[in-house]
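Q: This is the structure I have questions about; it appears just below.
The values are calculated or read from the model by the stated rules, or taken from the named source; none is laboratory data. None of these values were measured; they are calculated from a predicted model. Here the Cβ positions follow ideal geometry from the backbone for every residue, glycine too, while neighbour counts run over all protein chains shown. These accessible areas exclude ligands, DNA and RNA; they are computed on the full protein's heavy atoms, side chains included. Shrake-Rupley method; radii C 1.70, N 1.55, O 1.52, S 1.80 Å.
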Amino acid sequence: MATPAEYYRSLPPVSKFYGVTCLMTTTAYYLQLYYPQDIALSYEDVIKRFQVWRLVTNFFFLGGFSFPFAIRLVIIAKYGVSLERGPFDKRTADFVWMLIFGAFSLLVLAVVPLLWTPFMGSSLVFMFLYVWGREYPNVRINIYGVVSLKGFYLP
């Protein structure tokens, strides 16, 4: 059985970076090193105050430490790693491009006031799940040992 350090070292680079960055962003929030409104997506602040970091940092906040936060990290660790080791094996640049394209698409959609949300990290994590479901449509998934369905229906 692998130790946590061995498991961490075995993770592919992009999923490891994104998961650790999300974890560190939430930890910094709980240590009160910043306020969430300082990294939230606000097009007004981006345009008028030239706070361009908001276009990136909003993707790293998955909410406070909670059960949904843990589930999102598990999705990154299971499905993001599975994608990076499977269809994107030895194609790290393609995986990064997929993430950039997904983030850019979410930023474009957020221009519509009805679709705007201050933090889009959970939407980006859901993109991992969606792409995984399309890459592995026939894999059987067991949810809490109660429901069994195909990967196509997971998202």
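Q: If you take the residues in segment 104-137 that are in contact (Cβ under 8 Å) with a residue 60 or more places away in the chain and assigned to a helix (DSSP H, G or I), which one is most open to solvent (accessible area, probe 1.4 Å)?
A: 122
Q: Related question: Looking at segment 76-98, which of the residues that are among the charged types (D, E, K, R) and assigned to a helix (DSSP H, G or I) is nearest to residue 37 (Cα to Cα)?
A: Of everything passing the filter in segment 76-98, 78 is nearest to residue 37 (Cα to Cα).
Q: Another question, if that's okay. Please count how many residues of segment 53-72 are open to solvent by 40 Å² or more (accessible area, probe 1.4 Å), outside any loop (DSSP other than H, G, I, E, B), among the hydrophobic types (A, V, I, L, M, F, W, C) and closer than 23 Å to residue 37 by Cα.
A: Number of matching residues: 4.
Q: What number of residues within segment 25-55 are free of Cβ contacts under 8 Å to residues at least 12 places away in the same chain and either of a type in the set (Val, Ile, Thr) or under 21 Å from residue 78 (Cβ atoms) (or both)?
A: 4
Q: May I ask you to list the residues in segment 73-96 that are within 13 Å of residue 128 (Cα to Cα) and either open to solvent by less than 20 Å² (accessible area, probe 1.4 Å) or without any contact (Cβ under 8 Å) to a residue 40 or more places away in the chain (or both)?
A: Within segment 73-96, 74, 76, 78, 80, 81, 83, 84, 88, 95 qualify.
Q: Determine which single condition residue 101 fails, assuming it passes every other condition in (1) in a loop (DSSP other than H, G, I, E, B); (2) free of Cβ contacts under 8 Å to residues at least 24 places away in the same chain; (3) of a type in the set (A, V, I, L, M, F, W, C); (4) loosely packed, with under 12 Cβ neighbours inside 10 Å.
A: Here residue 101 meets the rest and fails (1).
Q: Can you tell me which residue among 39, 141 is surrounded by 12 or more Cβ atoms within 10 Å (Cβ to Cβ) and touching a Ser or Thr at 6+ places or on another chain (Cβ under 6 Å)?
A: Of 39, 141, the one residue that is surrounded by 12 or more Cβ atoms within 10 Å (Cβ to Cβ) and touching a Ser or Thr at 6+ places or on another chain (Cβ under 6 Å) is 39.
Q: A follow-up question, please. Determine which single condition residue 50 fails, assuming it passes every other condition in (1) hydrophobic (A, V, I, L, M, F, W, C); (2) open to solvent by 70 Å² or more (accessible area, probe 1.4 Å); (3) in contact with a helix residue (DSSP H, G or I) (Cβ under 6 Å, 6 or more places away or on another chain).
A: (3)
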